[in-house]
Amino acid sequence: MKRKTAFPLILSIFLLAGCWGAQNIDHLFYVGVIGVDYKDDQFIVYVALTSFTGLAKVESGGAKEKSGIAVGKAKGETFNIATDNLYSSIQRMVSWAHVKSIVFTKRALKKVVLEDVLDVLDRYNEIRNTIWVYTTDEPLTKLFFSSAPILHTSPYYSLLASPEESFQQSSFIRPIRLNRFVADIHEPSKTGQLPYLNIAAHNWQEDDEKKLMLNLKGMCFINDYELQKCFDRSKLLGMRWLEKEKSRVTIYVKKSNKVVASITVLHPESKISYQRNGNTPVFNIDVSISGNVIELREKLTEKQLIRLAQKTVEEEIRSLYKLGLKYNIDILNLSETLYRQNPKDWKKFSKNGKIPLTDETLKKINVKISINTSGKEKLR
């Protein structure tokens, strides 16, 4: 009986599943960022390898260690062929499970490229659909080498990998995840958006040397998988009041084109409503704001300050609409508003998913502002 019992037990030991194919984590290379360029009908793929050296020490309060960045480049007829061509020279097994973002050059923002890349990313199970998406016209190698933050912080905390904290403090150019970007460009009524990166060369120094840093230059607008145009953030101030996920925004109150006060606003609210004016669709925008006075450069009563702040916000939104009108871009996504609120009218008035925009399409902009506090100095 003992022999009969022992034999199955010994056999089961040999049949146990083991981790024979497991890799030590320090033997792998981890891709942190993917870059996509397109030239002469060829996909040009860049990858930035992320080093986790010293990351655990930093998170546990230890001393910071400088983390290196390595950038690889390969070409191919398709996006997948280009990434496969990286393997012949990388010399170690590669993990794609820690990709944090993907950056397209402006010339890569075209249908033939986006459809191919998004198809591969959707099929490949290692890469999450919540990675961040950006665009740039900077050389991608230079951009990746500029991604390391100051004070020898790991690229794991860079703008490419972790943009949310910066957005919470200054809610202007919203970072966009891959799944939201894909959903937006698939909507026939919606104009897609991508944060537009460049390199700031003159803002920072580290160890008495000039430090290149990533910078959110502005926003690019995409329709039907094709790039329409990119704008600098200085022309997009009105977007701050229409973004649903904003947290902290500052109004630079103007009087005669000169800043006379600053009001910090937390969680402003906005709503776009639709109505018909005869056979023409028109829209109204309502913005509700409460904020704190941070700076007052001219003696103003509370009523005067509110009136000037209302005018400033209204002008920023109106200017943003006129910018889109000039380049035939539905920056405010009025077509999507009509699609959500009245699909029948959207089908009636739209052409290729978009409603024709005129000077009369945007009617009223109503701004309601209240002041919570002016700090230690009281308003009259």
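The values are calculated or read from the model by the stated rules, or taken from the named source; none is laboratory data. On a predicted model such as this, the values are computed, not experimentally measured, just so you know. Every residue, glycine among them, receives a Cβ derived from its backbone with ideal geometry; neighbour counts consider all protein chains shown. Surface areas here come from the heavy atoms of the whole protein model, side chains and all, with no ligands, DNA or RNA. Shrake-Rupley method; radii C 1.70, N 1.55, O 1.52, S 1.80 Å.
Annotations for the structure displayed:
- Highest average packing first - 172-180, 102-110, Cβ atoms within 10 Å: 102-110, 172-180
- Protein accessible area in the chain, 1.4 Å probe - carbon and sulfur %: 49
- Helix axis angle, 2-15 relative to the chain longest principal axis, alpha carbon, degrees: 50
- Dipole axis of the chain (+1 Lys, Arg; -1 Asp, Glu on Cβ), positive-most option in 355, 127, 294: 294
- Charge tally in the Cβ shell below 13 Å around residue 88, where Lys, Arg are +1 and Asp, Glu are -1, residue 88 excluded: +2
- Calculated mean residue ellipticity, 222 nm, the chain: -8000 deg cm²/dmol, from DSSP H runs (n ≥ 4) at -39500 (n - 2.57) each, averaged per residue and rounded to 500.
- Accessible surface, the chain, averaged per residue in Å² (probe 1.4 Å): 56
- Given charges at beta-carbon only (K, R positive; D, E negative), |dipole| of the chain in Debye: 1240
- Under the convention that each Lys and Arg Cβ holds +1 and each Asp and Glu Cβ holds -1, the size of the dipole of segment 195-311 around its Cα centre is about 700 debye.
- Cα gyration tensor category, rounded, prolate or oblate, for segment 136-282 with a/c compared to 1.5: oblate
- Looking at the chain alone, DSSP beta bridges between its own residues are antiparallel in about 75 percent of cases.
- Kirkwood hydrodynamic radius over Cα pairs of the chain, then Stokes diffusion coefficient at 4 °C and 1.567 mPa s, in µm²/s: 54
- Scoring 38-45, 194-201 by mean Cβ neighbours within 10 Å over their residues and listing the highest first yields 194-201, 38-45.
- In degrees, nearest ten, helix 111-123 long axis to first principal axis of the chain (Cα): 50
- For segment 140-230, a crude dipole built from +1 on the beta carbon of Lys and Arg and -1 on the beta carbon of Asp and Glu, taken about the Cα centre, is about 200 debye to the nearest 20.
- Legend: residue pairs 258/303; 190/246; 258/326; 110/229, Cα-Cα distance threshold 21 Å; pairs beyond threshold, 258/326.
- Among 170, 341, 195 the positive-end extreme of the charge dipole of the chain (Cβ point charges): 341
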